[in-house]
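A.B. asks: Could you have a look at this structure, given as structure tokens, before my questions?
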Amino acid sequence: MTAPRRDAPPDLFVDAAVHDDSYFAAHHGLFARQEIHAMARRKLIQAYRAIEEPQYQPASLDLRLGKEVYRVRASFLPGRGRTVEEHLESLNPERISLTGNGAVLEKGIVYIAPLMERLDLLPSLSGAANPKSSTGRLDIFTRLIVDGSEAFDDVPLGYAGPLYVEISPRSFSVRVREGSRLNQIRFRSRNSKHMGLADFALKDHEIRERHAKTPLVDGDLDLRDGLIMRVALSGSAGQIVGYRAQKNSEIIDVDRPGAYPAHEFWEPLRARPDSRLILDPDEFYILASREKMQIPADLAAEMAPIDPAIGEFRVHYAGFFDPGFGQGADGRPGARAVLEVRSRDVPFLLEDGQPVGRLVYEKLADKADELYGATAVSNYQGQGLKLSKHFREFGAE
């Protein structure tokens with residue numbers, strides 16, 4: 001479980017080509033793919049196996065599971081001055097190898113996995129993580145943890161050390177292995193004016209100005225500290241408007257796209273005359289937004305929760321949208337946001353058009369040199385209501 005030292009031999013890491021840190025000092029904002037490449041060349045991102053090209057997303061980097069995972073009794077944060085390794089040792093966890101064909105992670109159990117990647121950030125660089133889209137759609141709860149952290153999914157300015165991910169499958173038991181990619185990280189560069197900021201989101205008036213130049217959604221803007229997204233539950237008789245996860249399904253291998261018939265894992269939910277849906281506690285749903293959206297090349301976006309007083313449900317397991325997502329050939333918004341929804345403690349009635357989340361936008365340091373949808377790994381470009389890439393669609397089985 002010992003992470004490679006910062007002075008480890010060069011063959012443990014990717015090549016170093018960017019030696020001048022002024023490159024990063026000149027770029028402020030959320031990093032696009034080309035800046036993340038530069039971070040790897042400068043060894044600000046390191047790994048015991050060379051970083052692979054498909055890991056580089058337009059504004060994020062996919063992270064890979066390491067050689068083993070630890071089954072633990074409970075989730076935890078190490079806290080200031082403590083390492084994740086120290087905390088793990090105090091819990092006396094069961095160690096499970098992920099080499100070869102990997103291992104099955106059982107639903108309802110909490111695991112901690114060291115990742116292949118580690119960081120050696122400059123004082124002006126920080127990171128934030130979230131599950132990949134496919135991870136969220138499989139109802140796999142993941143959170144990044146770093147040494148000394150008092151918050152999940154947060155990498156503080158100048159962090160140097162290993163990365164870990166907490167994994168807790170909720171609906172399906174899953175098979176993972178060394179190199180499986182469940183979560184992703186994005187990086188933010190700050191100058192002296194940005195150091196004290198906690199919120200980098202575009203203001204509502206800025207979103208309105210951007211929408212006037214290039215439409216961000218296919219309808220009218222509804223702004224409230226971000227773009228309000230509403231659930232789509234209406235449709236013609238028999239039309240599928242959502243899916244509910246079945247209980248006691250087979251194991252899903254996260255590295256096998258297109259391998260599973262959807263009807264063995266999901267119950268389709270069809271439009272009702274009243275355009276309503278009752279969310280049951282401890283059930284997991286895949287729904288879609290009513291709005292179609294697109295993300296410009298110089299922005300990224302994240303699905304954030306609305307005021308909890310509006311509804312007792314969660315819709316933002318995997319809420320990061322890369323630049324280029326949803327861009328249609330005609331320049332119009334072309335993709336719906338897929339919503340991973342779980343009610344909390346009581347049944348909750350959803351109605352068509354009800355607000356379920358808000359889209360928060362942030363500027364990139366530079367336009368991404370490759371947009372979402374430009375490569376074969378863009379599994380959800382132009383999507384409507386869509387399950388994860390692992391399932392064959394209903395009617396195509």
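The values are calculated or read from the model by the stated rules, or taken from the named source; none is laboratory data. Here the structure is a predicted model, which means the values were calculated and not measured. For neighbour counting, all protein chains shown are included, and Cβ atoms are generated from backbone atoms with ideal geometry for every residue, glycine included.
A.B. asks: Using beta carbons and a limit of 9 Å, which pairs, at least six apart or on different chains, have the first residue in the range 34-61 and over 16 Å from Q184 (Cβ atoms) and the second one acidic (D, E) and modelled with pLDDT under 95?
C.D. replies: Q34/D366; Q34/D369; Q34/E370; R41/D15; R42/D20; R42/D21; K43/D15; A50/D15
A.B. asks: Could you list, in sequence order, the residues of the range 344-366 that are more than 23 Å from R210 (Cβ to Cβ), out of contact with any Lys or Arg (no Cβ under 8 Å at 6 or more places or on another chain) and outside any loop (DSSP other than H, G, I, E, B)?
C.D. replies: Hit for the range 344-366 is F348, nothing else.
A.B. asks: Given the criteria within 16 Å of Y243 (Cα to Cα), aromatic (F, W, Y) and modelled with pLDDT of 75 or more, does F394 qualify?
C.D. replies: For F394, the condition - within 16 Å of Y243 (Cα to Cα), aromatic (F, W, Y) and modelled with pLDDT of 75 or more - is met.
A.B. asks: Restricting to the range 115-143, name every residue that is assigned to a strand (DSSP E or B) and under 16 Å from I36 (Cβ atoms).
C.D. replies: If the condition is that a residue be assigned to a strand (DSSP E or B) and under 16 Å from I36 (Cβ atoms), then L115, M116, E117, R118, L119, D120, L125, S126, G127, A128, A129, N130 are the ones that fit.
A.B. asks: On the given criteria, is F320 at negative phi and either in contact (Cβ under 8 Å) with a residue 60 or more places away in the chain or surrounded by fewer than 18 Cβ atoms within 10 Å (Cβ to Cβ) (or both)?
C.D. replies: yes
A.B. asks: Check the range 299-307 and report whether any residue there is free of Cβ contacts under 8 Å to residues at least 24 places away in the same chain, closer than 21 Å to L349 by Cα and not aliphatic (A, V, I, L, M).
C.D. replies: Within the range 299-307, one or more residues are free of Cβ contacts under 8 Å to residues at least 24 places away in the same chain, closer than 21 Å to L349 by Cα and not aliphatic (A, V, I, L, M).
A.B. asks: Then there is this: Can you go through A50, A103 and tell me which one is over 30 Å from A297 (Cα atoms), at pLDDT 95 or above and among the small types (G, A, S)?
C.D. replies: A103
A.B. asks: Any idea which of S249, S234 is within 22 Å of P355 (Cα to Cα), more than 21 Å from the chain's Cα centre (by Cα) and not in a strand (DSSP E or B)?
C.D. replies: Only one candidate passes the filter, namely S234.
A.B. asks: Among the listed residues L121, L105, L88, L98, which satisfies the condition of being surrounded by 16 or more Cβ atoms within 10 Å (Cβ to Cβ) and under 30 Å from A337 (Cβ atoms)?
C.D. replies: After ruling out the rest, the residue left standing is L105.
A.B. asks: Output the number of residues of the range 29-50 satisfying the condition of being among the aliphatic types (A, V, I, L, M), surrounded by fewer than 24 Cβ atoms within 10 Å (Cβ to Cβ) and in contact with a helix residue (DSSP H, G or I) (Cβ under 7 Å, 6 or more places away or on another chain).
C.D. replies: 1
A.B. asks: With the condition kept exactly as written, say whether any residue in the range 26-43 is under 23 Å from the mean Cα position of the chain (by Cα), among the acidic types (D, E) and assigned to a strand (DSSP E or B).
C.D. replies: no
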